[in-house]
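The values are calculated or read from the model by the stated rules, or taken from the named source; none is laboratory data. Keep in mind the model is a prediction, meaning the values are calculated, not measured. Using ideal geometry, Cβ is built from the backbone for each residue, glycine included, and neighbour counts are taken over all protein chains shown.
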Amino acid sequence: MPHKERLEILSCLGCLGVFALASLGLAATPYECACEESRQVSSASLAVPLPPNQWEATVARRREMWREMLGLSPMPERTPLEATVTGVLDRGDYVVEKVHFQCIPGAYVIGNLYRPAKVAGRLPAVLYLCGHTKGKVSPTYQANPRWFGQHGYVALVLDPIQLGESQGLHHGTYREERWDWPSRGYTPAGTEVWNAMRALDYLQTRDDVDPERMGVTGLSGGGVISWCLGAADERVKVVVPVCQSGSIEHVVVDRATDGHCDCAFWINYYRWCWPDLGALIAPRAFLIASGSEDVLWRPYGYRDVAHRIRHQYAALGQSDRFDLVEDLTPHGYTPKLRNAIFTWFNKHLKGDPTPVEDDVTDFVEPEENLLVFAGKLPENDRMRQIDTLLVKRPQPPTVTDEAQWQTHQQSAIRRLRELTFRNIPAVQNPRLKECRADGSPKSGISLATYAFETSDGLTLAVRTTMPQDAPWPIPTVAFSIQPDARSTFAGGGSSRPGIAAEFATAGVEVRNTGATSVGPGYLWTLRRAYPLLGHTLPERQVHDLLAGIAVMRTEASTGPLALFGQGVTAPLAVYAAILDRQVSEVILADPPESHEDPQTPEFLGILRIGDLPENLALVYPRPITFVGAMPKAYQWTRQVYEKLGKGDRIRVIKSVREWQPLDSPKK
């Protein structure tokens, strides 16, 4: 809608209020909020280049933050590689070695190594990373490392996981509904970077490789891992990503996430964009190669990223070590791009700036000749479980006494705020937009609606019921509207728990419920885009729930406020209570038992801190009530309370109607 027309409608509506505006489509949507946040992330990324002293003072911490977003902090143990060459192809002027090694014991990384047939001394090495085709046997991914092998380099090309001879899984949230991956803090980009790091370890063991002259390049998915590896590992002296460069803003606004597998992105706890990676690659030699007609990475994205990185190199006095080359082409190589890439490597790894004119050859090695395992893959390859092995999970804490538990409790809550919930304000200050009395469905009960605006611009509502004759302040049970609820009419509709009529209830229409439901046409995209903004959809819903109860606390009628959650909304109640110490009690019906279950709502890196039973115990010593039955996993929570002498504060009731509040414990 044109801005002028929008203003005219607003001026005519006057006191009709926010609900009339929403009915005309003028209120922000989850998509609009995500787009606005993506602009914030990208516009803030390296907006001002770091001066040399600041760059130097922060580089170690920034690199560790980056590794953390890859799931590589702490770094996995560098176990023996067990590198094995299973065959050699002699092609006259070059040789192909068929090699495999283990990134962790029992997890195989597979590749072909191209080198000159005659080697005199140590040579520069190039790690070549493939995109999503057949891996190393694809004609494109043979041609480029072959060129390097024919021109005085050792070039190792790797199969990505799930492709070629590499086992495992790339398409977690993309295709397999693996929503436990964000909760684990896992991205296949982390696995690919770890495999590449171990490949560098392997190259360093070879007598024909100069460990001080190693570089990385790759196309498409291999391009993004080139970025990631260069930012994570300083051993790489030259970095050249091809057709995989752009901005968070572009992929969110254009919904380009829909065209990318999980390995294209990191777990963006710290809301970085690509220029932040460039600042870690600096001042090493860095060339971005892009196709201007690439549908996945548009020019307005990669050109802005390159512009910001160029300023960082200039600030460090290394302007000649960064450049952008592009061609009028879709996603893929052209002779112009390849010649620029080969020239860049020659200049910065060999000291030869002479422009390269000879392109790759048309020869295609038969696929079967390049297979490392000759068609018989290793059994029990642990690469199939790498998503559960790579990111370290803490053991549940040992509980000894009150002081020890409080120390753990404070540390765990601090870590939750620093990592998983770092983008939720510590103090909620929603803007109340409208209060409306909604009548009485029956004698003695009043209904109301409170519309409020969240910190990220969504207009949401709280639907309340209140006993008319109860003395103030009234114990209140707040809850999130269920995602599949057809209606929130009259106090929250079917989502409202059957709390006794003597208590007030408040149903919060968290995003993707009620008027902000996005439906199947955008839900998958939203769930995959939110981690790029440092969020997940359930984390945003916790944010909304906290804002809703902050609104309720402005009412004099609101007494002790408990949180109720059922099924998928149970984790929302748990984490809102952890973040808001004023919540008097947590009431749970049919809660999921573990974030390792892909059906459990996802929260970034939550399993790096604790699983649901451990995290629920962080509300100690406030009461916890289970409705119907207490799932087995939560025996751990009960044992903590019993160990600390508060076992009576965990209750099991047959029906939510039986619920009565316990006195709030002293703070």
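Quick notes on this one:
Every residue, every condition in (1) of a type outside the set (Ser, Thr, Tyr); (2) over 28 Å from TYR31 (Cα atoms); (3) in contact with a helix residue (DSSP H, G or I) (Cβ under 7 Å, 6 or more places away or on another chain); (4) not assigned by TED's automatic domain parsing to the domain that holds ALA199, yes or no:
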{"site": "GLY218", "(1), (2), (3), (4)": "yes, yes, yes, no"}
{"site": "ARG235", "(1), (2), (3), (4)": "yes, yes, yes, no"}
{"site": "VAL238", "(1), (2), (3), (4)": "yes, yes, yes, no"}
{"site": "PRO241", "(1), (2), (3), (4)": "yes, yes, yes, no"}
{"site": "GLN244", "(1), (2), (3), (4)": "yes, no, yes, no"}
{"site": "ILE248", "(1), (2), (3), (4)": "yes, no, yes, no"}
{"site": "ASP258", "(1), (2), (3), (4)": "yes, no, yes, no"}
{"site": "TRP266", "(1), (2), (3), (4)": "yes, no, yes, no"}
{"site": "TYR269", "(1), (2), (3), (4)": "no, no, yes, no"}
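- Considering the stretch 495-524, the residues that are modelled with pLDDT under 95 and not in a loop (DSSP other than H, G, I, E, B) include one that is nearest to PRO471 (Cα to Cα), namely GLY514.
- Per the listing VAL551, VAL574, VAL542, the residue uniquely part of a helix (DSSP H, G or I), over 27 Å from the mean Cα position of the chain (by Cα) and buried (at least 19 other Cβ atoms within 10 Å of the Cβ) is VAL551.
- Test: residue in the stretch 583-601 that is closer than 21 Å to GLY548 by Cα, crowded, with 24+ Cβ neighbours inside 10 Å and among the hydroxyl-bearing types (Ser, Thr, Tyr): no
- In the set (1) farther than 27 Å from CYS261 by Cβ; (2) out of contact with any helix residue (DSSP H, G or I) (no Cβ under 6 Å at 6 or more places or on another chain); (3) surrounded by fewer than 20 Cβ atoms within 10 Å (Cβ to Cβ), ALA83 fails one condition alone, (2).
- Qualifying residue in the stretch 327-347 (condition: under 30 Å from GLY605 (Cβ atoms), assigned to a helix (DSSP H, G or I) and not aliphatic (A, V, I, L, M)): no
- In the stretch 201-219, the residues that are of a type in the set (Phe, Trp, Tyr) form Cβ pairs under 8 Å with partners that are surrounded by fewer than 23 Cβ atoms within 10 Å (Cβ to Cβ), at six or more places apart or across chains, as follows: TYR202/LEU81; TYR202/ALA83; TYR202/VAL99; TYR202/PHE101.
- Residue, farthest from the chain's Cα centre (by Cα), within the stretch 215-265, restricted to residues that are among the hydroxyl-bearing types (Ser, Thr, Tyr) and under 24 Å from TRP147 (Cα atoms): THR217
- From the list HIS250, HIS260, the one residue that fits, being farther than 21 Å from GLY190 by Cα, out of contact with any strand residue (DSSP E or B) (no Cβ under 8 Å at 6 or more places or on another chain) and either buried (at least 19 other Cβ atoms within 10 Å of the Cβ) or modelled with pLDDT of 95 or more (or both), is HIS250.
- Complete set of residues in the stretch 139-162 that are crowded, with 18+ Cβ neighbours inside 10 Å and among the small types (Gly, Ala, Ser): ALA143, GLY149, ALA155
- Matching option when the condition is among the hydrophobic types (A, V, I, L, M, F, W, C), closer than 21 Å to SER226 by Cα and either in contact with a Lys or Arg (Cβ under 9 Å, 6 or more places away or on another chain) or buried (at least 24 other Cβ atoms within 10 Å of the Cβ) (or both), among VAL96, VAL109: VAL109
- Remark: pairs (first residue in the stretch 393-409, farther than 16 Å from LYS646 by Cβ; second residue charged (D, E, K, R) and surrounded by 17 or more Cβ atoms within 10 Å (Cβ to Cβ); Cβ separation under 6 Å; 6+ apart in sequence or on different chains) = PRO396/GLU614.
- Any hit, the stretch 97-111, residues being over 19 Å from THR205 (Cβ atoms), out of contact with any helix residue (DSSP H, G or I) (no Cβ under 9 Å at 6 or more places or on another chain) and among the acidic types (Asp, Glu): no
- Listed conditions (1) crowded, with 18+ Cβ neighbours inside 10 Å; (2) of a type in the set (A, V, I, L, M, F, W, C); (3) outside any strand (DSSP E or B) are all met by LEU563, apart from (3).
- TRP147 being under 22 Å from HIS348 (Cα atoms), touching a helix residue (DSSP H, G or I) at 6+ places or on another chain (Cβ under 8 Å) and part of a helix (DSSP H, G or I): yes
- Selection status of THR187, buried (at least 24 other Cβ atoms within 10 Å of the Cβ), at pLDDT 95 or above and in contact with an Asp or Glu (Cβ under 7 Å, 6 or more places away or on another chain): yes
- Looking only at the stretch 601-618, residues that are out of contact with any helix residue (DSSP H, G or I) (no Cβ under 7 Å at 6 or more places or on another chain) and in a loop (DSSP other than H, G, I, E, B) come to 2 in all.
Here is a yes/no grid of residues against (1) at pLDDT 95 or above; (2) buried (at least 24 other Cβ atoms within 10 Å of the Cβ); (3) part of a loop (DSSP other than H, G, I, E, B); (4) touching a Leu at 6+ places or on another chain (Cβ under 7 Å):
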| position | (1), (2), (3), (4) |
| --- | --- |
| TYR269 | yes, no, yes, yes |
| PRO283 | yes, no, yes, yes |
| PHE286 | yes, yes, no, no |
| GLU293 | yes, no, yes, yes |
| TRP297 | no, yes, yes, no |
| ASP304 | yes, no, no, no |
| ARG308 | yes, no, no, yes |
| HIS311 | yes, no, no, no |
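- Selection count, the stretch 619-651, where residues are assigned to a helix (DSSP H, G or I) and either of a type in the set (Gly, Ala, Ser) or touching a Gly at 6+ places or on another chain (Cβ under 9 Å) (or both): 5
- Pairs, first loosely packed, with under 10 Cβ neighbours inside 10 Å in the stretch 374-386, second outside any helix (DSSP H, G or I), C-beta under 8 Å, six or more apart: ASN380/GLY106
- All positions within the stretch 81-105 that are of a type in the set (Phe, Trp, Tyr) and either outside the structural domain of VAL372 (by TED's automatic domain parsing) or under 32 Å from the mean Cα position of the chain (by Cα) (or both): PHE101
- Some residue of the stretch 651-658 being in contact with a Phe, Trp or Tyr (Cβ under 7 Å, 6 or more places away or on another chain) and within 22 Å of HIS408 (Cβ to Cβ): no
The rows are residues; the columns are (1) more than 25 Å from the chain's Cα centre (by Cα); (2) closer than 28 Å to GLU32 by Cα; (3) assigned by TED's automatic domain parsing to the domain that holds HIS543.
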position	(1), (2), (3)
LEU416	no, yes, yes
LEU419	no, yes, yes
GLU434	yes, yes, yes
LYS442	yes, no, yes
ILE445	yes, no, yes
ARG463	yes, yes, yes
PRO497	yes, no, yes
